[in-house]
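Participant: Handing you a structure now.
Any read-out appearing in this document is the output of simple, stated calculations on the displayed coordinates, not a laboratory observation. If you're wondering where the values come from, they're calculated on a predicted model, not measured in any experiment.
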Amino acid sequence: MTRVAALPIYDLTAEAFASYGWMLGKPIPQGNGVPLFSNDATDFWQEHVFNTGAGGDAEVLWVNYRSASPDVASLEKHLLTQQAIVPLTGAII
């Protein structure tokens, strides 16, 4: 005999997820002293800073890109930092 169990659905919040670790992919913070930038094309904000030891701190910066165009219109070059772009949603190029 098959039983069907009802499971409650909860909003995914940082507090609800806290016992499992950090919640990744949170929405842009609304102030709260977090360094951030937002315009019509993109949002980005500082989310995590890790002390990696003698080499200094590593920072995770979250970015939302709103353009769905496959064309690349501009690029940035960071001369003093290393950077990796890892897509968390959508197709991986």
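Participant: Find how many whole Å separate the alpha carbon centroid of segment 55-88 from the alpha carbon centroid of segment 4-43.
Facilitator: For segment 4-43 versus segment 55-88, the Cα centre distance is 20 Å.
Participant: So if each residue of separation counts as 0.36 nm, and I subtract the Cα-Cα distance between A73 and N39, what length gain in nm does that give?
Facilitator: 10.6 nm
Participant: Under the √(5λ) rule applied to the eigenvalues of the Cα gyration tensor, what semi-axes describe the equivalent ellipsoid of the chain? Give them in Å, descending.
Facilitator: Equivalent-ellipsoid dimensions as semi-axes: 31, 21, 15 Å.
Participant: Just the number, please: Stokes-Einstein D of segment 41-93 in µm²/s, Kirkwood Rh from C-alpha pairs, 37 °C, 0.692 mPa s.
Facilitator: Stokes-Einstein gives a translational diffusion coefficient of 243 µm²/s.
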